[in-house]
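Reading through the structure tokens given below for one structure.
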Amino acid sequence: MPKPDVPKSSPTGARPGGPLSPRRRGATDSKTRAALIDATAQLMLDEGHAAVTARRVAAKVGVNPGLVHYYFQNMDDLFLAVFRQGAEANLRRQKRALSSPHPLRSLWKINSDPRGVKLLMQFIVLAQDRKTIRLEIAAYAEKFREVEKQAISRVQKERGSDLGSVSPAAVSVLIDGLARIIAMERVLGVATGHAELIEIVDGYLRRFDPLETKEDP
């Protein structure tokens, strides 16, 4: 009999499902489980986290609501699975961005993704009274920040760019924060000042990522 897969640890040191799920009852590679995670993410995007119930998620997938609790012991367990799936996908995107000809511009692009920012906003609201989710967001954020900080430092050295008094960590915060603010405001329909800010950011990025080749796809 084949042994069950052992999932990788999250940045908090817990298995996917976190401390809320010391023993998972459904296979982690189940297509049904994956569909439930995708349906939850879509519900959060379309209607907000408050719309997510076992019944609504199951109906979206076309299964019995009991299956939600077969794969996830409670709704926080399901929310964590959604967050981790998105965070791991973003880590892979970050890795590709940092190995591209224009790493910092590529970082700006992935942090400007409206869908990702909209979903993150939902998790930030959830984290206000859910400590496990709050810790998971913080752990992944620190992991992203550390990778970006090292990449910015490397790019600076390779290209002889002068950061002045701004540290690589601060540059990471600026890229992530400004890109997400613009994305959040666009979701709300706000655009005032965006063009001017993007022009300032573009001028700054030219110190690191001169457009000597075609823009990354």
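The values are calculated or read from the model by the stated rules, or taken from the named source; none is laboratory data. On a predicted model such as this, the values are computed, not experimentally measured, just so you know. Virtual Cβ from ideal backbone geometry, glycine too; neighbours counted across all protein chains shown. Remember, those area values only see protein heavy atoms, side chains included, never the ligands or the DNA or RNA. Shrake-Rupley method; radii C 1.70, N 1.55, O 1.52, S 1.80 Å.
Restrict the check to segment 128-137 and report whether at least one residue is within 15 Å of Leu104 (Cβ to Cβ) and not hydroxyl-bearing (Ser, Thr, Tyr).
No, that holds for no residue.
Of everything in segment 26-44, what is surrounded by 15 or more Cβ atoms within 10 Å (Cβ to Cβ), touching a residue at least 12 places away in the same chain (Cβ under 8 Å) and among the aliphatic types (A, V, I, L, M)? Give them in sequence order.
Across segment 26-44, the qualifying residues are Ala35, Leu36, Ile37, Ala39, Ala41, Leu43, Met44.
If Ala14 satisfies all but one of (1) at pLDDT below 95; (2) open to solvent by 60 Å² or more (accessible area, probe 1.4 Å), what's the number of the condition it fails?
Just one mismatch for Ala14, condition (2).
Listed here are the residues, each with its yes/no results for (1) in contact with a helix residue (DSSP H, G or I) (Cβ under 8 Å, 6 or more places away or on another chain); (2) among the hydroxyl-bearing types (Ser, Thr, Tyr); (3) at pLDDT below 95.
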position: Pro4; (1), (2), (3): no, no, yes
position: Gly18; (1), (2), (3): yes, no, yes
position: Arg24; (1), (2), (3): yes, no, yes
position: Ala27; (1), (2), (3): yes, no, yes
position: Met44; (1), (2), (3): yes, no, no
position: Glu47; (1), (2), (3): no, no, no
position: Arg55; (1), (2), (3): no, no, no
position: His69; (1), (2), (3): yes, no, yes
position: Ala81; (1), (2), (3): yes, no, no
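Sort through Asn64, Asn90, Asn74 and tell me the only one that's touching a residue at least 12 places away in the same chain (Cβ under 8 Å), open to solvent by 40 Å² or more (accessible area, probe 1.4 Å) and more than 23 Å from Glu185 (Cα to Cα).
Matching residue, one of Asn64, Asn90, Asn74: Asn74.
So which residues in segment 94-118 are assigned to a helix (DSSP H, G or I) and open to solvent by 70 Å² or more (accessible area, probe 1.4 Å)?
Listed by number, the residues that qualify are Lys95, Arg96, Lys109, Arg115, Lys118.
This table checks each residue for (1) in contact (Cβ under 8 Å) with a residue 60 or more places away in the chain; (2) open to solvent by 40 Å² or more (accessible area, probe 1.4 Å); (3) part of a helix (DSSP H, G or I); (4) hydrophobic (A, V, I, L, M, F, W, C).
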| residue | (1), (2), (3), (4) |
| --- | --- |
| Lys157 | no, yes, yes, no |
| Val173 | no, yes, yes, yes |
| Ala179 | yes, no, yes, yes |
| Met184 | yes, yes, yes, yes |
| Val187 | yes, yes, yes, yes |
| Ala191 | no, yes, no, yes |
| Ile198 | no, yes, yes, yes |
| Val201 | yes, no, yes, yes |
| Arg207 | no, yes, no, no |
